[in-house]
Amino acid sequence: MQRKPWELAFLAEPEEVAALRRLLRLHLGVWGLHALVDAAQLCVTELVTNVVTHVGIGTPTRLAVAMNDAYLRIEVHDPDAKALPTLLSGTQRMPLLGEAETGRGLALVDAVADRWGVQLRADGKVTWCELRANLSSPYGHTGGPRVTRAEGILGLYGWAAREHPERVEEAHLLSALAGRTPAIEVIADILHWLHAHGHDPDDALVCAQTRFEAEIEVA
């Protein structure tokens, strides 16, 4: 799976935090990194809150997310190289942005991230953190060989949609090859194949579901 880096420029406002969390969840879902969603959202909340609190509301800020080997890397760029983030002691706490999006300092980032730091640049600073993903490479999968094979099949369906534009609307651009639509297309075509070869599609679905549940329990 190709996980392309992405970034978003925004103004550091308390109200932006919830939207950034939702966007991050969406991207990590497409990347198949569901297990990192909660920790990544917390890190984004704290890093952005740090800018709001110590640099100022309305500061031009940029969120950048990418893979660094088998780590998910989250960066928050701001123009102030002087207001350096520091860990707070256990008795200190940053001002609240609301109970759902609180700024509790970089102690939380330090607790959940595998590593974090600050890079000073001529135009400001980058506060970053990295979360270890259960991947063998930046393009690997968390679900093992079965997921890898399925990804290859879905990739073929993506090629078919590009070659046949009349199917693009139906496939919704295949939801970036990661949504339900392409998977449903694959399953439906396999059921057609089974029916055409004299097999019972319902029986095949039951067998597949049984095997899936058994393998999930073992995992």
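FYI, it's all coordinate maths here, none of it is from the lab. None of the values given here were measured: they were computed from a predicted structure. All Cβ positions, glycine included, derive from the backbone under ideal geometry; neighbour counts span all protein chains shown.
Taking every Cα-Cα distance in the range 27-71 and sorting them into 5 Å bins starting at zero, the pair-distance distribution P(r) comes out as 5, 17, 25, 23, 14, 11, 6 percent. Local charge for His77 was computed over the other residues whose Cβ lies under 10 Å away, with Lys and Arg +1 and Asp and Glu -1, and equals -1. Across the range 20-28, computed HN-Hα scalar couplings (Karplus, 6.51 cos²θ - 1.76 cosθ + 1.60, θ = phi - 60°) run 5, 5, 5, 5, 5, 4, 4, 5, 5 Hz from first to last residue, x flagging Gly and Pro.
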